[in-house]
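*Asks:* To start, I am sharing the structure in question, which I have written as structure tokens.
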Amino acid sequence: MAVTRKAIIIGAGPAGLSLALHLHQTTNIRCTIYELRTEPTTLGGAIGIPSNGLRLFDRLGGGIYQSLLARGSSRSDFAMHSLNGSILAQDKDVFAHSRSETGYGYMRVKRTDIVDVLHKAVKEADIAVLFNKRITSIEEGNGNVTAIFADGTKADADILFGCDGIHSAVRQLYVDQSQKPEYSGLAGLMSIIPTANLPESATKHIRGLTTTFTNQGMFMGAPCTASGDEVYWGFQREMTIPNANEDRDGWEVQGRHEIEGFKKNLHGVLAEGKGEWCETLRLLVDQTEVMKFYPIYRLPLGGCWSRGKVILIGDAAHAMQPHAGQGVGMALEDVFLVSRLLADASQSMEDVGTSFHTIRKPRVEQIYHTASHNAQARKNTGPWGQWIREWVIWASFANPFGAAPRGMLGQKFTTYDIEEEII
């Protein structure tokens, strides 16, 4: 009979919770999750998850996918507006290709809902989650890996996973101190608003994913609940962040003076906007009471993802800009691959880490570059640059079917199946 192995998971976000569940289901590894915060996180906005991520949520079982369907918006119609009031591009189902290939489409769901659903599944699986545990050092010896926490406690295991995001303590403490997050040059504002606060004339324009490029950044809006009773909106632009290292996680803007200042700036961006859609954007701005401001960071390519008995998962290993819509999907792909590799208990952790990196590196780098390329459209431009940008978008959709090109919104990545990789 196989000996049960133990794993320490640092981070109780989507990556850590999903990893604990899948290891519990497919291996003899039993996990304990350690979370820095004092309770499940309330951070984050509304996340877009394409079909490659949705398929893996479904494979996690336990009704997780069905629970997310009951919470998030599955609408995948798409419209891109111009500030002059025209529609540059639209598609009734921008993910039609990936839906036909995989059986899964697209979902926009609040990050808090994802975490809540996964926490419930972890609890049902009797997997322990310990909060208020700040890791301060990692040691290996005598066949074990040891995590030491700020409260003086220690934990020993056969494996330790860093699922603690782009600013990973596990990476900085032990795996690769040379890999530090870098600011992308873009920052965003976002909020979630009840549709009850908006007139029907506004909500009729936010049935699916909507975007608007300006010469100072990009607006977007989308329903983020199954019932459509809440909408997510955001604006990203190029800007310099003072004291960027201190403000790396972003912050909620709650002070009335600060909020009014942001609103004034956004109205300035929309000053030349015409038509019902631009009026809708102004209404979204006006109805916002709490905003989240967040600088967008990424990890440079080329770092290490493992050392000894320690492996980094998701953003802790390969955080990229969110402009390919693959943050959650990439973490889930990591989870499923590393679980397959660890199912063979005869493999050393060094071999597991090497195989994990070798298999994942090409896809990670491809999507990383796509995200960086897509981000260029959020950068400042002059009137002629804006005209050229809009013309290119219009021409891309000017095909006999009026549908989005397969590369649009990262769709070419969404039919991939990590479980088809040969290991």
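*Asks:* Residues of segment 167-200 with backbone nitrogen within less than 18 Å of a virtual label 7 Å along the Cα-to-Cβ line of Lys154, please, listed as ranges.
*Replies:* 174
*Asks:* Given H placed 1.01 Å from N in the peptide plane, which residues other than close sequence neighbours of Ala12 have an amide H under 5 Å from its amide H?
*Replies:* Leu36
*Asks:* Pulled fully out, how much extra length does the chain show between Gln376 and Leu301, if you take 0.36 nm times their separation in residues and subtract their Cα-Cα distance? Provide the component values of the computation, followed by the final result.
*Replies:* On the way: separation 75, 0.36 × 75 = 27.00 nm, distance 1.82 nm.
Net length gain for the segment: 25.2 nm.
*Asks:* Picking from Gly185, Ile206, Gly165, whose Cα lies most toward the positive end of the charge dipole for segment 163-217 (charges on Cβ: Lys, Arg +1; Asp, Glu -1)?
*Replies:* Highest projection toward the positive end goes to Ile206.
*Asks:* So how strong a dipole does the chain carry about its Cα centre when Lys and Arg Cβ are +1 and Asp and Glu Cβ are -1, to the nearest 20 debye?
*Replies:* Numbers: 42 positive and 46 negative charges, 79 e Å.
For the chain, the charge dipole is close to 380 debye.
*Asks:* Order the following by accessible area, largest value first: Met320, Met291. Probe radius 1.4 Å; ligands, DNA and RNA are ignored.
*Replies:* Numbers: Met320 25, Met291 0 Å².
Per-residue accessible area, sorted high to low, gives Met320, Met291.
*Asks:* Right, another one. For Lys180, give me every one of the aspartates and glutamates with a C-alpha distance below 20 angstrom, ignoring sequence neighbours fewer than eight places off in its own chain.
*Replies:* Once the sequence-local aspartates and glutamates are set aside, what remains near Lys180 is Asp164, Glu246, Asp247, Asp249, Asp315, Glu365.
*Asks:* Here's a follow-up. Whole-Hz ³J(HN,Hα) for each residue in segment 125-137, computed from phi via Karplus 6.51 cos²θ - 1.76 cosθ + 1.60 with θ = phi - 60°, x for glycine and proline: what do you get?
*Replies:* 7, 6, 9, 6, 10, 10, 9, 6, 10, 8, 6, 10, 7
*Asks:* Then there is this: Just one of (1) 1.16; (2) 1.05; (3) 0.97 is Rg/Rh (Cα atoms, Kirkwood Rh) as worked out from the coordinates here. Which one is it?
*Replies:* Checking each listed value against the structure points to (3).
*Asks:* So, one more: Quick one: pull the percent of accessible area on segment 296-344 belonging to carbon and sulfur, 1.4 Å probe, ligands and nucleic acids left out.
*Replies:* Summing carbon and sulfur atoms, their accessible area is 47 percent of the total for segment 296-344.
*Asks:* Percent of accessible area on segment 1-158 owned by carbon and sulfur, 1.4 Å probe?
*Replies:* Working: 3240 of 6840 Å².
Ligands and nucleic acids excluded, carbon and sulfur give 47 percent.
*Asks:* As an exercise, find the ratio Rg/Rh for segment 113-175 from alpha-carbon atoms, using the Kirkwood inverse-distance average for Rh.
*Replies:* Working: Rg = 13.3 Å, Rh = 13.3 Å.
Checking Rg against Rh, the ratio lands at 1.00.
*Asks:* Please report the base-10 log of the normalised intensity I(q)/I(0) for segment 1-101, using a Debye sum with one equal scatterer per alpha carbon and no solvent, at each q in 0.16, 0.18, 0.19, 0.20 (1/Å).
*Replies:* -0.89, -1.01, -1.07, -1.13
*Asks:* Sticking with this one: Per residue of segment 141-152, what does 6.51 cos²θ - 1.76 cosθ + 1.60 with θ = phi - 60° give for ³J(HN,Hα)? Whole Hz please, x for Gly and Pro, Karplus curve as stated.
*Replies:* Once rounded to whole Hz, the list reads x, 6, x, 10, 10, 10, 9, 10, 10, 4, 7, x.
*Asks:* Hey, can you grab everything whose amide H is under 5 Å from the amide H of Glu230? Only 5+ residues off in sequence or another chain; H modelled, so Pro and N-termini drop out.
*Replies:* Residues meeting the criterion, in which the H sits 1.01 Å from N, are Thr195, Cys224, Thr225.
*Asks:* Quick query: amide H of Met291 versus all other amide H atoms, modeled in the peptide plane; which residues come in under 5 Å with a sequence gap of 5 or more or a different chain?
*Replies:* Sorted by chain and number, the residues that satisfy this are Val253.
*Asks:* Separate question: List, in the order given, every pair from Lys92/Lys412; Lys120/Lys154; Lys110/Lys309 whose Cα-Cα distance in the structure shown is over 29 Å.
*Replies:* On the way: Lys92/Lys412 18 Å; Lys120/Lys154 26 Å; Lys110/Lys309 33 Å.
Lys110/Lys309, as the Cα separations exceed 29 Å there.
*Asks:* Highest first, please rank the peptides 144-153, 335-344 by the mean number of other Cβ atoms sitting within 10 Å of their residues. Display every interim value, and only then the final one.
*Replies:* Details: 144-153: 15.2, 335-344: 20.1.
Packing order, densest peptide first, comes out as 335-344, 144-153.
*Asks:* Figure the gain on full extension for Ser178 and Gln25 (residue separation times 0.36 nm, minus the Cα-Cα span) and round it to one decimal in nm. Show your work: numbers first, answer last.
*Replies:* Values: separation 153, 0.36 × 153 = 55.08 nm, distance 3.46 nm.
Length gained, Ser178 through Gln25: 51.6 nm.
*Asks:* Per residue, how much accessible area does segment 1-106 have with a 1.4 Å probe, in Å²?
*Replies:* Details: 4220 Å² over 106 residues.
Heavy-atom SASA per residue in segment 1-106 reads 40 Å².
*Asks:* May I ask which residue of Met220, Ile422, Gly61 lies farthest towards the positive end of the charge dipole of the chain, with charges of +1 (Lys, Arg) and -1 (Asp, Glu) on Cβ and the Cα centre as origin?
*Replies:* Sorting the options by dipole projection puts first Met220.
*Asks:* Something else: Per residue, how large is the accessible surface of segment 146-191? Use a 1.4 angstrom probe and give square angstrom. If you can, show how the numbers build up before the last one.
*Replies:* Working: 1550 Å² over 46 residues.
For segment 146-191, the solvent-accessible area averages 34 Å² per residue.
*Asks:* Say the dipole of the chain comes from +1 at the beta carbon of Lys and Arg and -1 at that of Asp and Glu; which of Asn380, Ser74, Asn144 then lies farthest toward its positive end?
*Replies:* Working it through, the farthest residue towards the positive pole turns out to be Asn380.
*Asks:* If you don't mind, another one. What percent do you get for the relative contact order of the chain when only Cα pairs under 8 Å and 6+ apart count? Mind showing how you got there, number by number?
*Replies:* Values: 863 pairs, mean separation 92.8, N = 423.
After rounding, I find 22 percent.
*Asks:* Antiparallel as a % of all DSSP beta bridges within the chain, to the nearest 5? Intermediate values should be presented prior to the final figure.
*Replies:* Numbers: 50 of 70 bridges.
DSSP beta bridges in the chain are roughly 70 percent antiparallel.
*Asks:* Here's something else I'd like to know. Please list, in order along segment 83-93, the HN-Hα scalar couplings obtained from phi with the Karplus expression 6.51 cos²θ - 1.76 cosθ + 1.60 (θ = phi - 60°), rounded to whole Hz, x for Gly and Pro.
*Replies:* 5, 7, x, 8, 9, 7, 7, 7, 8, 5, 8
The values are calculated or read from the model by the stated rules, or taken from the named source; none is laboratory data. Predicted, not measured: the structure shown is a model, and the values here were computed from it. Note that we place each Cβ from the backbone using ideal geometry, even for glycine, and neighbour counts take in every protein chain shown. Surface areas here come from the heavy atoms of the whole protein model, side chains and all, with no ligands, DNA or RNA. Shrake-Rupley method; radii C 1.70, N 1.55, O 1.52, S 1.80 Å.
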